[in-house]
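The values are calculated or read from the model by the stated rules, or taken from the named source; none is laboratory data. Here the structure is a predicted model, which is why all the values come from computation and not from measurement. Every residue, glycine among them, receives a Cβ derived from its backbone with ideal geometry; neighbour counts consider all protein chains shown. For the accessible areas, the whole protein counts, side chains as well, though only heavy atoms, and no ligand, DNA or RNA atoms are used. Shrake-Rupley method; radii C 1.70, N 1.55, O 1.52, S 1.80 Å.
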Amino acid sequence: MGTLQRDSLPQKCLFGLTLILMGLTIFLASPMALAVISFLSLITLTLDFDLFNSTSDKHLLNRADFILQVILMITVLVKFLLLARPTVV
């Protein structure tokens, strides 16, 4: 059964940071910037497991942040691979 918890400031900040990284991923087209965002998304995913009690928690912020983290990781990796692929001459 899911536990109910109050939104703490670090959890809200992590969600905001995830939204900022998602926005940067959408608007930036530099492979170097996307590589940095990819690394930061791995760090924020790790922080997600540290700040929230469990992935089975039914709390809205927990679920939204975890789903957004996974979408961010997939999006930034796909965009990085598409932009950084070698060009055939």
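For the chain, the carbon plus sulfur part of the accessible surface works out to 76%, probe radius 1.4 Å. Here the sum of -39500 (n - 2.57) over DSSP H runs of 4 or more residues, divided by the residues of the chain, equals -25000 deg cm²/dmol at 222 nm, to the nearest 500. What you get for the chain, charging only the Cβ of Lys and Arg (+1) and of Asp and Glu (-1), is a dipole of about 200 debye around the Cα centre.
Using every pair of distinct Cα positions in the chain, the Kirkwood expression returns a hydrodynamic radius of 13.9 angstrom.
Our summary gives the chain a relative contact order of 43 percent, counting only alpha carbon pairs under 8 angstrom and 6 or more residues apart. Using heavy atoms of the protein chains and a probe of 1.4 Å, the accessible area assigned to Ser30 is about 50 Å². Highest mobility in the GNM of the chain, judged by mean-square fluctuation with C-alpha springs under 10 Å and restricted to Phe52, Phe66, Phe27, is found for Phe27.
Once each of the trypsin sites (Lys or Arg not before Pro) sitting in a DSSP loop with at most 13 other beta-carbon atoms within 10 Å is removed, the chain keeps 7-57 as its longest stretch. For the chain, the solvent-accessible area with a 1.4 angstrom probe is 68 square angstrom per residue.
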